[in-house]
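Let me begin by presenting the structure, written as structure tokens, before commenting on it.
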Amino acid sequence: MNVLLCDEQSLVRSGLCRIFENEGDIKVVAEAANGRDALELVARLRPDVVLTDTRLSGIGGVELARRVTRAPHPAPLQVVFLAQALDRSSVLSGLRAGGRGFVLKSDPSDDIVTAVRSAAAGHTVFSSVVSELFFPHLLRCPEPGEAVLPSGLDRLTGREIEVLGLLAEGMSNNEIAETLALSPATVKSHISRLLAKLNLRDRAQAIVAAYRSGLARPDAARDARPLGLVSSPAGTLADGTEPIM
């Protein structure tokens, strides 16, 4: 897979290049020091993944993600955010902009490599720090002035609400099926319908909706899995189950 790096610090970019140079399936095709250069390189080189700092002068990392994920490409282009530190606003904004991953510069190199591979496969992946310490709290807190309940929640059936709550606990389709005594295919249908009713794109946005609606609470999460909140529009998930879309 081809990766484009975007970070204002040349030392950070050099360090990332060293991380990836020994990975036979990953090739760094270009480096950019700002969002504007990254946009030009994306249009010219069509990388599979953009690994970008969240904080860039000019066109920031979140705006970069928004533009490249919504522009037409012959193949899906994924964005993974690489941050020096976490804050509520950047995580939520990055998810809304279409980011597929969120890792810290202090994370082990293996986690960063895993995040890039997973994003290229269409999975949504978060650093263990995000999932264990911050993610549930961030998702249940709306931005100032935002409605707490997602539009369309009142149109969900009782079963769809149950499925949404279990999604937010990190359950796979097979695990939800076992819990509710349903077939995996039925669970997949419920998820597809609730996403459509709530006008949501994928599993990550469904989790956001569950926390904001109060269907899920941070202390009710089943477990916190390093690099563990995953979704995919194609192929299989990290635990071997089928994706929802």
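Every number in this text was worked out from the coordinates using simple rules, so none of it is lab data. From a predicted model like this one, the values you see are computed outputs, not experimental measurements.
Structural remarks
- The stretch 1-68 - percent relative contact order, Cα under 8 Å, separation 6 or more: 40 percent
- In straight-distance terms, cross-link reach from Lys197 covers every one of the lysines whose alpha-carbon lies under 17 Å from its own, apart from those fewer than eight places away in the same chain; here that gives Lys188.
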